[in-house]
1. Would you mind finding the one in A166, A105, A159, A126 that is touching a Pro at 6+ places or on another chain (Cβ under 8 Å), within 29 Å of G40 (Cα to Cα) and crowded, with 17+ Cβ neighbours inside 10 Å?
2. Is it the case, given these coordinates, that E55 is under 23 Å from the mean Cα position of the chain (by Cα) and at positive phi?
3. Quick one: would you say E216 is loosely packed, with under 15 Cβ neighbours inside 10 Å, free of Cβ contacts under 8 Å to residues at least 60 places away in the same chain, within 30 Å of G357 (Cα to Cα) and not small (G, A, S)?
4. Name the single residue, out of those in region 238-263 being touching a helix residue (DSSP H, G or I) at 6+ places or on another chain (Cβ under 6 Å) and hydroxyl-bearing (S, T, Y), that is modelled with the lowest pLDDT.
5. So which of Y240, Y205, Y185 is closer than 27 Å to K150 by Cβ and either crowded, with 16+ Cβ neighbours inside 10 Å or of a type in the set (D, E) (or both)?
6. Output the helices (runs of 4 or more DSSP H) that fall wholly within region 86-197 and possess 3 or more residues being assigned by TED's automatic domain parsing to the domain that holds Q70 and over 30 Å from D385 (Cβ atoms), or say none.
7. Between S231, S190, which is closer than 25 Å to V75 by Cα, crowded, with 17+ Cβ neighbours inside 10 Å and of a type outside the set (V, I, T)?
8. Report yes if some residue within region 81-99 is modelled with pLDDT under 85 and surrounded by 15 or more Cβ atoms within 10 Å (Cβ to Cβ); otherwise report no.
Amino acid sequence: MKKLLLFVAAFAIFSCKTDTKKNPAATTETKEIEKTILSGKIENPKEDKIFLSGEGLRKEITLNDAGVFQETVNVQEGFYSIRHGRNRASLFLTPGDSIHITTDAMKFTESITFSGKGTAPNTYLAKKLSEGGNLNFQEVYAKEEADFLKKIEEEKMKALGRLTDAKGLSTEFVALEKESIHYEYLANLSRYPSYHPYFAKKENYKASESLLKPLEKVDYDNEDDFRNFESYQQIVSQHYMQSYYEDSLKMESINTIKNIKSQNIKNALASEMKYDISPSGKHTDKIYNTIKEIAKDEKVLKKATEKYTKVKKLVKGKNSPAFDYENHKGGKTSLADLEGKYVYIDVWATWCGPCIGEIPSLKKVEKKYHNKNIEFVSISIDQKDAYKTWKKMVKNKELGGIQLMADDAWKSKFVTDYAIEGIPRFILIDPKGKIVNADAPRPSNPELIELFNELKI
């Protein structure tokens, strides 16, 4: 499932380079770029910031106490993304725009509205997101090939219909959006071979050649399309990273990535490869050295180095990073409190489907090892605004073991010390507080019981 989730991830590495074909406003003349003004108000804000990204831009915009913001930015004409908490919306910005955004964080997609210069394409994008919604992955990807194709073709035709009906859009925007819709269709198609066996529970499924034939025409090294279209970014990720994960020695896939012409694509893939730097990884040194070779983005290199440095300290026998977190039953519990016993830790969150999917198996393991020399600790990394949700879920699902909540979600020291970037994550610590396995088998994996047997727990 970890690999499956990685394929879902959309890249946010964009180029600063302009292109007169994809970006009609760009010219070869040297002239001052008009400023773009973004302003607005977010009702019921979840945090005091929004984040704007795209076209070489990464901007953190602060909200005042009333949720109001205003920022002047330099942009090139193209697609951008605005994020608040876990809410996200697409924007299309042009130099000289002055766009006012209003929305309610409690119903972000449904309530977002735009006014001012540059409104038309953004109103269209908001309506597209609201009316088009997101595909129900479990339902759609469980379908057999013929029904799946029918469904995504229907979605494509609906999207083209919405574009045709939209008013006030420029010819250039319509052309770009048609390409975007086509890539959205191809992205759905490219995911099917990985998603179908998972959602349809068919381990030995292999996609037919005819299903994937449209992908044969895709240029997987297109700098301009990678900059402009998120769905194309997903297709590129799926194409290269699936081969990378299936390549047990990594060498062939790494050489392919090294030969990509687009530096933006190489930066993005290097960022994706960073997730494979793990305590249990067989090729950690090779992957880190490859990232250093292919990435030219200082942020990617810095994050990869930080993670690599942490991972090298998480080997068997090293002292484990410690925790001291709120216990669901009251008070706080620390790793030191559990000295003398093995500690099997589940790092999870209430919103994490794969985490919840492991609960039945975790309960069985807990029951099997009840009164043995081991404690089962679950650490929630939910945000503070989900505190009541966590309390309720622990009670309603009758979760056993020691239920803790981290003090600062993903930023909690225990989480960052273990270089955790994806959940669920399982960790095994010995009675002296030493690491046994910083990336231990899941409860649903028979290898966990084999490990317990080896340790004579």
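1. The unique qualifying residue is A105.
2. Yes.
3. no
4. Ranking the qualifying residues of region 238-263, first place goes to Y245.
5. Y185
6. Helices (runs of 4 or more DSSP H) meeting the threshold: 119-132.
7. S231
8. Start the filter on region 81-99 by keeping residues that are modelled with pLDDT under 85, which leaves 86.
Subset that is surrounded by 15 or more Cβ atoms within 10 Å (Cβ to Cβ): none.
Taking every residue of region 81-99 in turn, none turns out to be modelled with pLDDT under 85 and surrounded by 15 or more Cβ atoms within 10 Å (Cβ to Cβ).
The values are calculated or read from the model by the stated rules, or taken from the named source; none is laboratory data. Just so it is clear, the structure is predicted and the values come from calculations on it, not from any experiment. Cβ coordinates were reconstructed from backbone atoms using ideal geometry, including for glycine residues, and neighbour counts include every protein chain displayed.
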